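The values are calculated or read from the model by the stated rules, or taken from the named source; none is laboratory data. These numbers come from a predicted model, not from an experiment. When we count neighbours, we look across all protein chains shown, and the Cβ atoms used for this are built from the backbone with ideal geometry, even at glycine.
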Amino acid sequence: MPAEQAERRYDARHRMEDDMRLFRVLVVTVVPLALAEGGAWLYARHWYEAPGPLSEEKTVVIAPGTGFQGIARVLAQEGVIGPPIIYMTMVLMEQQHAAFKAGEYAFPPGISPQNVTEKLTQGDVVLHSVTIPEGLVSEDIRAILAKEPLLTGDIPGDIAEGALLPETYFFLRGDGRAKVMARMQANMQAALAKAWNARKPDMPLRTLQEALTLASIVEKETGRPQERGRVAAVFLNRLRLGMKLQSDPTTLYGIFRASGKRKSGLTRRDLASDSPYNTYVIPGLPPGPIVHPSKASIEAALNPPDTAELYFVAHGNGGHVFATTLEEHQRNVAHYRNAGHMSK
């Protein structure tokens, strides 16, 4: 057994022995006195149930391994309870001291000692949150997790693009970054599997990875929730007909992947590049996701509306105009060419 582990077990055993010694002292001395002096016992019970001394909300961290006496001292020092001896007597009499849990606790003003005990025995700890916006690349998610000061530990080195589900995640102070990331990955797998099982029949997508790739393209092509399905339908219709996807975001991602540069627009040279993500050149889908897509984009990619649309162009106000024929699309492009966006 490692020395450090043995030392922790030794400390825990001695804290337990200290608590039992304290319990025997209280049972032998304080409790009989309280029972003899009925008024004193009634006072202790009233004190335990009445509002405590805390004047404003306070957060207190109970470190792992802190014994019962140590917890009582911390609570008294932080002004959450009054005299710790009375508090310890009441808790020991109710035999709740062994159920206390470490963690970060938020105590409201005037909380009674009895309610303090309830919080500590129920593990009613403070939850923190970190929000991962949709449409980020792995590098961005790594930066968000690295900057969260209440998380601990390193981040896994290799994060596959598209493997994490963007959502708000709750965690406890001191949770590991790897642990939070594992939840993100599990949530993505669950969301993708659920959408895949409910997908429309006759989809031109053969695998979960292809569905995830299309969802990531949809995520970057439109910021409007109501357009996700129509954008997905355009690309699916193109896949069925063997047309190139001609997606700006995939081509821009290829540049980013190759050079680390984040560009907002494409040049003619970019459009002719031999990147495997340049869907102006390659047929079909790129080799993998370009961002981490939202659940909504995954569902749109696998359950799009039934349309014959093959084209869309940005109209300059965050949305797009869709078309079924090339002639209609060319008219839309001519009308909205001043918006400064590439068309599909």
Answer residue from the range 175-195, given it is in contact (Cβ under 8 Å) with a residue 40 or more places away in the chain and touching a strand residue (DSSP E or B) at 6+ places or on another chain (Cβ under 8 Å) and is farthest from PRO286 (Cα to Cα) among those
VAL180
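Which one is nearest to TYR43 (Cα to Cα) among residues in the range 75-99 that are in contact with a Ser or Thr (Cβ under 7 Å, 6 or more places away or on another chain) and surrounded by fewer than 19 Cβ atoms within 10 Å (Cβ to Cβ)?
GLN96
Given the criterion among the β-branched types (Val, Ile, Thr), surrounded by 22 or more Cβ atoms within 10 Å (Cβ to Cβ), over 14 Å from HIS292 (Cα atoms) and not assigned by TED's automatic domain parsing to the domain that holds VAL137, identify the matching residue among THR251, THR213, THR207.
Of THR251, THR213, THR207, the one residue that is among the β-branched types (Val, Ile, Thr), surrounded by 22 or more Cβ atoms within 10 Å (Cβ to Cβ), over 14 Å from HIS292 (Cα atoms) and not assigned by TED's automatic domain parsing to the domain that holds VAL137 is THR251.
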Hey, can you tell me all the residues within the range 288-315 that are more than 25 Å from the chain's Cα centre (by Cα) and surrounded by 14 or more Cβ atoms within 10 Å (Cβ to Cβ)?
ASN303, PRO304, THR307, GLU309, LEU310, TYR311, PHE312, VAL313, ALA314, HIS315
If you check GLY162, GLY110, which single one turns out to be touching a Gly at 6+ places or on another chain (Cβ under 8 Å), farther than 30 Å from ARG262 by Cβ and assigned to a loop (DSSP other than H, G, I, E, B)?
GLY110
Quick check on the range 97-108. Is at least one of its residues over 30 Å from the mean Cα position of the chain (by Cα) and not assigned by TED's automatic domain parsing to the domain that holds LEU252?
yes
Restricting attention to the range 174-226, which residues are in a loop (DSSP other than H, G, I, E, B) and not small (Gly, Ala, Ser)?
ASP175, ARG199, LYS200, PRO201, ASP202, MET203, PRO204, LEU205, ARG206, THR207, THR222, ARG224
Could you go through the range 298-309 and let me know if any residue there is in contact with a Phe, Trp or Tyr (Cβ under 6 Å, 6 or more places away or on another chain), farther than 25 Å from ASN187 by Cα and in contact (Cβ under 8 Å) with a residue 60 or more places away in the chain.
yes
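I'd like the full set of residues that are at positive phi and at pLDDT below 95, limited to the range 58-85.
GLY65 - this is the single residue of the range 58-85 that is at positive phi and at pLDDT below 95.
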